[in-house]
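See structure below.
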Amino acid sequence: MAEITASMVKELRERTDAPMMECKRALTEAAGDLAKAEEILRVKLGSKASKAASRITAEGVVAIHRSTDDKLGAMIEINCETDFVGKNDEFLKLARDCAALVAEHDPADVAALSALPMGEGSVESTRTALVGKIGENMSIRRFVRITAKGRLAAYVHGGAKIGVLVDYLGGDDQLGKDLAMHIAATKPKALDSSGVAVDLIESERRIAIEKAREAGKPEALIEKIAEGSIQKFLNEVTLLGQVFVKAEDGKQTIAQLLKAKGASVAGFTLFVVGEGIAKRTNDFAAEVAAQAAAAAQK
């Protein structure tokens, strides 16, 4: 049996970026043949990635790439299983590099992005190799590419858990920063009432009418009360209707702020990591019981 030296393990690790112990096992299996060991590792890495693919990825990061003239921006959400991996330098680099590729190539969807060149392979092969190396599933969830009508302000908050791109006209850099930070803090659903889904508004209307009736309000006033409730709701969920988080008087809305600055907002995009993804809740007692039962059957 060929002797497996530290230098052989080091060389294989440099070639594949695989964990050291896996490199040693592959070399042992390949009887010291580096080329064969590399093939074994690539198969194992792919297998590990396939096993991980069924696991829920509700953690992750948002990464943003913006052109130097603030006219073009891209934002991407890449998910992983745990917050720990979400802070991994290689995972963060993958997110940043993917955002830059979105800005440069304008891929049509995640599949098109995954096929783009990255390093010595593609985005997908890089992702798969990283899954194999870390042992945790990760996936590209969504991205957006924006060509600004005015210019773009960007903001990433909370350990890259929230990302904002806002396209605004007029005003200065501070206004752009304030708008982006406000959006991250308040998470508006739309720019104005025209962007709020009709069924959502109607649902709020029905709730308002029912509440008014339960409160014993006169039937003649119920519709007016409901309209007031709807307006309050729209102010809360639309950017222009919201009270600016930094308003000194606690009353100035974003619409009023923009008017005072001679500015306007063409649109914005907000990503919140894991939004809408059902997270798995582990039942520790059930897990231990299942493991004990499995052990008893062996």
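Laboratory data are not the source of any read-out in this text; all were calculated from the coordinates shown. No experiment lies behind these values; they were computed from the predicted model shown. We place every Cβ from the backbone using ideal geometry, glycine too, and count neighbours over all the protein chains shown.
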Checklist entry - In nanometres, what is the gap between the two model label sites at Ala31 and Ser67, each 7 Å from Cα along Cα-to-Cβ? => result 5.9 nm
Item to check | Sites Ala197 and Glu120, calculated FRET efficiency, Cβ-Cβ separation with R0 35 Å, nearest 0.05 | outcome: 0.20
Checklist entry - Arg142 to Val245: extension gain in nm, 0.36 nm per residue of separation minus the Cα-Cα distance? => result 34.3 nm
Next on the checklist: Please compute the modelled spin-label separation between Lys177 and Lys189, points set 7 Å along Cα→Cβ, answer in nm with one decimal.
Outcome noted: 3.2 nm
Next on the checklist: Past 19 Å, Cα to Cα: identify those pairs from Lys161/Lys187; Lys24/Lys133; Lys177/Lys259; Lys10/Lys36; Lys24/Lys93; Lys93/Lys161, in the order given.
Outcome noted: Lys24/Lys93
Checklist outcome for this item: Once phi for every residue in segment 7-17 is put through the Karplus expression 6.51 cos²θ - 1.76 cosθ + 1.60 (θ = phi - 60°), the whole-Hz ³J(HN,Hα) values, with Gly and Pro written as x, are 5, 5, 4, 4, 5, 5, 4, 5, 6, 10, 6
Checklist entry - Rounded if a/c is under 1.5, else prolate if a/b is larger than b/c, else oblate: which is the chain, with a ≥ b ≥ c the root eigenvalues of its Cα gyration tensor? => result oblate
Checklist outcome for this item: Expected vector for segment 27-34, Karplus 3J(HN,Hα) from phi with 6.51, -1.76, 1.60 and θ = phi - 60°, integer Hz, x for Gly and Pro, equals 5, 5, 5, 8, 6, x, 7, 4
Next on the checklist: Using the Karplus curve 6.51 cos²θ - 1.76 cosθ + 1.60 with θ = phi - 60°, what ³J(HN,Hα) values do you get for each residue of segment 79-92, in whole Hz, with x for Gly and Pro?
Outcome noted: 9, 9, 8, 10, 5, 4, 5, x, 9, 5, 4, 5, 5, 5
Checklist entry - For labels at Glu104 and Glu214 in the simple 7 Å Cα→Cβ model, what's the distance in nm? => result 5.7 nm
Next on the checklist: Test of understanding: what is the full-extension gain from Asn235 to Ala111, defined as 0.36 nm times their sequence separation minus their Cα-Cα distance?
Outcome noted: 40.9 nm
Checklist entry - Between Ala266 and Lys87, what length in nm is gained on full extension when 0.36 nm per residue of separation is reduced by their alpha carbon distance? => result 61.1 nm
